[in-house]
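S.K.: Take a look at the following structure, please.
The values are calculated or read from the model by the stated rules, or taken from the named source; none is laboratory data. All values reported here derive from a predicted model rather than from experimental measurement. When we count neighbours, we look across all protein chains shown, and the Cβ atoms used for this are built from the backbone with ideal geometry, even at glycine.
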Ligand SMILES: [Mn+2]
């Protein structure tokens with residue numbers, strides 16, 4: 001049997017790929033997709049599948065037409081399993097071939113990779129190890145933002161590393177480590193590049209902090225800054241530093257995008273994005 005795993009192209013999704021490769025070895029065919037790219041892949045799978053092809057979808061879900069097609073495939077005896085942790089996918093639990101879990105009974109939030117890890121153990125195709133326990137928990141804490149509350153810095157560092165390497169190199173490095181039953185840790189090279197990245201981000205944020213301008217827009221006191229990268233780090237630091245600002249608008253002029261951040265509960269940045277989002281806003285903000 002060939003296990004085709006279609007997963008998301010972020011840290012959680014790629015960790016699902018790593019687990020599948022550890023469990024199924026050469027019988028695993030892994031593809032990473034953007035949220036928009038999955039449905040096309042699923043359609044292609046259904047058109048081209050051979051009798052012994054199994055499909056596992058993780059960290060993503062399909063549109064209604066594919067939902068119906070997958071149910072037909074399942075009813076005809078096809079092997080399909082969808083594993084996800086997004087609230088928006090909960091209705092898939094109506095199908096025998098889907099498990100969507102947002103939260104564990106002990107209150108921990110679930111991630112796709114933690115659900116797949118449980119699934120592969122139940123199927124007896126992957127053994128629990130300490131290294132995997134720790135790795136999957138770091139991914140889970142990153143993906144659910146629990147790391148922020150628990151201050152699990154290694155979860156953030158794992159994600160930083162993921163974005164510094166290509167997916168192939170990340171997979172290769174992690175798989176080699178996870179096959180040894182040693183506690184999971186970064187090697188010297190990774191610690192070094194992560195430290196360099198940290199100080200680079202710190203300098204960048206310091207510079208951007210000085211570039212911030214303050215303007216009034218529709219009775220809101222708004223901080224505006226142009227930044228091409230590290231939007232979430234920048235939003236957090238500026239938000240904490242300047243609590244008098246109602247929200248911060250981070251412009252990426254080249255990318256024609258604006259992201260909005262706030263630390264205040266009474267400000268709904270999604271409403272603000274709806275009102276101002278897009279290129280028009282850029283013009284309004286730059287030349288009011
Ligand atoms: Mn996820």
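S.K.: Exactly one of these conditions fails for residue 125: (1) away from the ligand (no atom under 16 Å from the Cβ); (2) surrounded by fewer than 19 Cβ atoms within 10 Å (Cβ to Cβ); (3) in a helix (DSSP H, G or I). Give me its number.
M.R.: Only one criterion is unmet by residue 125, namely (3).
S.K.: Follow-up. Condition test on residue 120, is it crowded, with 20+ Cβ neighbours inside 10 Å, in the same structural domain as residue 18 (by TED's automatic domain parsing) and modelled with pLDDT of 95 or more?
M.R.: yes
S.K.: Kindly provide the set of residues from segment 103-117 that are surrounded by fewer than 16 Cβ atoms within 10 Å (Cβ to Cβ) and either within 15 Å of the ligand (Cβ to nearest atom) or under 13 Å from residue 138 (Cα atoms) (or both), ordered by number.
M.R.: Listed by number, the residues that qualify are 103, 104, 108.
S.K.: Within segment 225-240, does at least one residue satisfy the condition of being modelled with pLDDT of 90 or more and surrounded by fewer than 11 Cβ atoms within 10 Å (Cβ to Cβ)?
M.R.: Checking segment 225-240: not a single residue is modelled with pLDDT of 90 or more and surrounded by fewer than 11 Cβ atoms within 10 Å (Cβ to Cβ).
S.K.: Which count do you get for residues in segment 85-102 that are within 15 Å of the ligand (Cβ to nearest atom), in a helix (DSSP H, G or I) and free of Cβ contacts under 8 Å to residues at least 24 places away in the same chain?
M.R.: Final tally of qualifying residues: 2.
S.K.: Within segment 143-169, which residues are part of a helix (DSSP H, G or I) and within 16 Å of the ligand (Cβ to nearest atom)?
M.R.: Within segment 143-169, 143, 144, 146, 147, 148, 155, 156, 158, 159, 162, 163, 167 qualify.
S.K.: If you don't mind, another one. Being surrounded by 12 or more Cβ atoms within 10 Å (Cβ to Cβ) and closer than 30 Å to residue 228 by Cα is the filter here; which residues of segment 170-199 pass it?
M.R.: 170, 171, 172, 173, 174, 186, 190, 191, 193, 194, 197, 198
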